[in-house]
1. I'd like the accessible area for R64, computed on protein heavy atoms only with a 1.4 Å probe and all protein chains in place. Round to 10 Å², please.
2. Could you give the nm distance between label points at V53 and I29, where each point is 7 Å from its Cα heading toward the beta carbon?
3. Which distance in Å, rounded to a whole number, links the C-alpha centroids of region 1-26 and region 45-71?
4. Out of the GluC sites (Glu not before Pro) in region 1-59, which ones are loop residues according to DSSP with at most 16 other C-beta atoms within 10 Å?
5. Hey, what's the Cα Rg ratio for the chain versus the globular rule of thumb, 2.2 N^0.38 Å?
6. Taking amide H positions as placed in the peptide plane 1.01 Å from N, state which residues far from S40 in sequence (5 or more) or on other chains have amide H under 5 Å from it.
Amino acid sequence: MAPIPTPPAEPQDSPDGYVGLDAASAERIARERGWSTVRSLPPGTIITMEYRVGRLNFEVRNGRVTRAWKG
């Protein structure tokens, strides 16, 4: 039987630190800190709720991050 893959560890980074940044800078910083996927979404976007290790989500309004969360 094949071993169960171990997902990579998430960066030790707080999503709250991205709130208030402009979206382009926030995405650049997140990638520099090791997030494998960075997703920017407009407010109210309907998304699935599956959790993805290494993904950072931004809610962006008027070019600024208003909310950030893992998964």
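The values are calculated or read from the model by the stated rules, or taken from the named source; none is laboratory data. Since this is a predicted model, take the numbers as computed values, not measurements. Positions of Cβ are generated from backbone atoms using ideal geometry, with glycine treated the same way; all protein chains shown enter the neighbour counts. What goes into the accessible areas is simple: the full protein's heavy atoms, side chains included, and nothing from ligands, DNA or RNA. Shrake-Rupley method; radii C 1.70, N 1.55, O 1.52, S 1.80 Å.
1. 120 Å²
2. Result for the modelled spin labels: 2.6 nm.
3. 11 Å
4. Numbers: sites: E27, E32, E50, E59; in loops: E50.
Loop-located and lightly packed - E50.
5. The value comes to 1.20.
6. F58
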